[in-house]
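Trainee: This structure is in structure tokens; I'll ask about it shortly.
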Amino acid sequence: MLMFLGRRIIATIPVLLVVALIVFMMTRFAPGDPATAIVGDDASAANLHRVRSNLGLNDSLPIQFGRWGWQLLQGSLGESFFLKKQVSELIGQRIEPTLALTCLTLIMTIMIAVPLGIIAAWRHGGWLDRMLMGFSALGFSVPAFVIGYMLIWLFALRWQLFPVQGYSRISDGLGPWLSHLVLPATTLSIIYVALIARVTRAAVAEAMTEDYIRTARAKGISETRVLVRHALANAAIPIVTVIGIGVALLIGGVVVTESVFAIPGLGSLTVDAVLSRDFPLIQGITLFFSVVYVVVNLLVDISYLVLDPRIRY
Amino acid sequence: MADEISLSPDIAVEQLAPSRRRSLFRRVIANWSVSLGGGVLCMLVLTTMIAPWLGTIDPTAIDPSSGNLLPGTRGDFNNLSGEVISNHWFLMGTDSLGRDIWSRALYGARVSITVGIAVALLALVLGMFVGLTAGYFRRIDSVAMRLMDGVMAIPGILFAVSLVALFGGTLVTVIVAIAVPEIPRVARLVRSVVLSIREEPYVEAAIALDTPTWKILLRHILPNAIAPLIIQGTYVCASAILVEAILSFLGVGLPAEMATWGNIMAEGRSQFNQYPHNVLFPGVFLALTVLSVNVMGDGLRDTLDPKFNKRGN
């Protein structure tokens, strides 16, 4: 068990290394010189050279990458060009809204998508099944910002049930916090529900054709128990896998959703960084999100041990 | 897999006898989803091709005196010196600069379709290259696939946003930036086909006959991947259209004056409260297009890849 954990954690190292390399190369190959961006176009050559060597841009690429990687290992993501703060500090300031939004979305999604998928698989070809498939095709096709604006228009402007935009910190009360998050979390969850409900349906439907389902029914246990204890339990691995892979969708969706609902989280920090071409900040956020994605999928891998007793490492 | 089962259901379209090929083609056309999705797409392509004759005006023309008109208004369209150019029917209203939304939406379809097809082709070609080499040459395999794992770990939208921000928002950078994150999935698909076909007797026979490696790869192995590649290509196309709109919407895509669906929505979002049509009309165009590409993809999957279909996902 410990061996397995160790091996899995070590296996993520090359992936993270490649991610770091890609992120590093991306900014180094980009046209435009960060030194020029700092000192301005009309700076003297000597001045430019001084800033370049201060930033370490005169060294060879492997040395630059090595130095940057060493800083990363010490937990420093560098300093933002424009905000003049440590990137890690900026991420820390903006993480609460994003974390709240994604967690709420994740909970909502699983609570909606998994039961929907099970019922659709149970009544394969029935009206709920067909509606679910239609909805999921739609969910993959309507962009999050269109859904977001439609929800704002309907629930915030016409019926005034929820605030239009913004975010209220959880320390300022649970009620306002939740009411600010309902519409964004719904927006973000649509594509995720579409994905997970589809996979749940397929996985449960496949499990339902197995012999042990017939045996379970023959034993005379209730249909709910057959569905949950026998079908869902055996369909759990593909579902959890897709929840993990879907985190990439969720991260992309966060950027858009936070922009629509003016939530001051990591997504809007990304957009700000991109619009001001703040290279260290873009690098830092991209790395941060990639690490989150890798860690979530590591957790998913580990969860297989719990979900399937046959897997022993 | 046993060697004698070389006639797997997704066996190359190319290798079938002409009569069977025709019947497969007929089966694809007869599929409800393919004809519906394909039909809507054909109509869209036709509409955007004959856009100049469909009551449109220059999609980039600005007329401050006809700003923020509601859909269905009739009025004079002036040039910047105030002369009347035409009496125009603003079918979908205008944005705050007086640009005609109907014209912009129709011309925007050209951008979306171009980006969708170009991204799909680019991702397929590059992914095919990586997948073929990784699958066939064992030495390259692990390095190439670790690289692909790294690319996959960076959430697609984040990758695209960063690349466009760094390299500037031109049509080429947008296409490349959206295509790169799609490469790993295509590469994995092709690689898995190569790995299963490489051991087939007819490949061994080709090797024994001293057939050049490129010929083995292109003539004997690649045709087996055509059907799954076509299916994957439609999904890549759909997601590329969405991502392009997201990039423009966030303000990091193609230049703001260009008529793209994302740009129309980006312009309209600041006054969404009073004039929701600027966001909703292009949103409907976008959703309908992506939906029909996805529906077509589902239909193609059902007809071309029965193995995939049985799994139901």
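The values are calculated or read from the model by the stated rules, or taken from the named source; none is laboratory data. For clarity, every value in this text was computed on a predicted model and none was experimentally measured. For neighbour counting, all protein chains shown are included, and Cβ atoms are generated from backbone atoms with ideal geometry for every residue, glycine included.
Trainee: What are the residues in segment A:287-313 that are in a loop (DSSP other than H, G, I, E, B) and among the hydroxyl-bearing types (Ser, Thr, Tyr), if any?
Mentor: A:Tyr313
Trainee: What number of residues within segment A:256-286 are under 16 Å from A:Ala100 (Cα atoms), within 11 Å of chain B (Cβ to nearest Cβ), aliphatic (A, V, I, L, M) and assigned to a helix (DSSP H, G or I)?
Mentor: 2
Trainee: Related question: Show me the helices (runs of 4 or more DSSP H) entirely contained within segment A:121-211 in which 3 or more residues are surrounded by 23 or more Cβ atoms within 10 Å (Cβ to Cβ), of a type outside the set (Ser, Thr, Tyr) and more than 9 Å from chain B (Cβ to nearest Cβ).
Mentor: So the answer is A:174-208.
Trainee: Next question. Given B:Leu132, B:Leu54, which one is touching a helix residue (DSSP H, G or I) at 6+ places or on another chain (Cβ under 8 Å) and either touching a residue at least 60 places away in the same chain (Cβ under 8 Å) or surrounded by 14 or more Cβ atoms within 10 Å (Cβ to Cβ) (or both)?
Mentor: Sole residue among the options that is touching a helix residue (DSSP H, G or I) at 6+ places or on another chain (Cβ under 8 Å) and either touching a residue at least 60 places away in the same chain (Cβ under 8 Å) or surrounded by 14 or more Cβ atoms within 10 Å (Cβ to Cβ) (or both): B:Leu132.
Trainee: Next up: Just one of the numbered conditions (1) within 16 Å of the chain's Cα centre (by Cα); (2) away from every other protein chain (no Cβ under 14 Å) is not true of A:Gln86; which one?
Mentor: (1)
Trainee: Ok, one more. So in segment B:268-282, with the set limited to residues that are surrounded by fewer than 24 Cβ atoms within 10 Å (Cβ to Cβ) and modelled with pLDDT of 85 or more, which one is farthest from the other protein chains (Cβ to nearest Cβ)?
Mentor: The qualifying residue farthest from the other protein chains (Cβ to nearest Cβ) is B:Phe281.
Trainee: Let me spell it out: the conditions are (1) farther than 25 Å from B:Ile178 by Cβ; (2) of a type outside the set (D, E, K, R); (3) in a helix (DSSP H, G or I); (4) in contact with a Gly (Cβ under 6 Å, 6 or more places away or on another chain), and B:Leu69 meets all of them except one. Which number is the exception?
Mentor: For B:Leu69, the exception is condition (3).
Trainee: Just name the residue that is surrounded by the fewest Cβ atoms within 10 Å (Cβ to Cβ) out of those in segment B:163-172 that are more than 9 Å from every other protein chain (Cβ to nearest Cβ) and assigned to a helix (DSSP H, G or I).
Mentor: B:Val172
Trainee: Still on this structure: Please go through segment B:124-158 and pick out each residue that is of a type in the set (Phe, Trp, Tyr) and modelled with pLDDT under 90.
Mentor: Those that are of a type in the set (Phe, Trp, Tyr) and modelled with pLDDT under 90: B:Tyr136, B:Phe137.
Trainee: If I ask for residues that are within 15 Å of A:Tyr192 (Cβ to Cβ) and of a type outside the set (Val, Ile, Thr), which ones from segment A:138-156 would you list?
Mentor: Those that are within 15 Å of A:Tyr192 (Cβ to Cβ) and of a type outside the set (Val, Ile, Thr): A:Leu138, A:Gly139, A:Phe140, A:Ser141, A:Pro143, A:Ala144, A:Gly148.
Trainee: Take the residues in segment A:70-92 that are surrounded by 14 or more Cβ atoms within 10 Å (Cβ to Cβ) and part of a helix (DSSP H, G or I); name whichever of them is modelled with the lowest pLDDT.
Mentor: My answer is A:Leu72.
Trainee: Separate question: When you scan segment B:214-267, how many residues do you find that are within 14 Å of chain A (Cβ to nearest Cβ), part of a helix (DSSP H, G or I) and either within 23 Å of the chain's Cα centre (by Cα) or of a type in the set (Val, Ile, Thr) (or both)?
Mentor: Of the residues in that region, 23 qualify.
Trainee: Same structure again: Mind checking which residues of segment B:136-162 are at the interface with chain A (Cβ under 7 Å from one of its Cβ atoms), more than 13 Å from A:Tyr293 (Cα to Cα) and buried (at least 23 other Cβ atoms within 10 Å of the Cβ)?
Mentor: If the condition is that a residue be at the interface with chain A (Cβ under 7 Å from one of its Cβ atoms), more than 13 Å from A:Tyr293 (Cα to Cα) and buried (at least 23 other Cβ atoms within 10 Å of the Cβ), then B:Ile157, B:Val161, B:Ser162 are the ones that fit.
Trainee: Looking at A:Thr241, is it among the polar types (S, T, N, Q) and away from chain B (no Cβ under 11 Å)?
Mentor: Taking the combined requirement at face value, the residue satisfies it.
Trainee: I would also like to ask the following. Is it true that B:Ile175 is closer than 22 Å to A:Pro31 by Cα and facing another protein chain (nearest Cβ under 7 Å)?
Mentor: no
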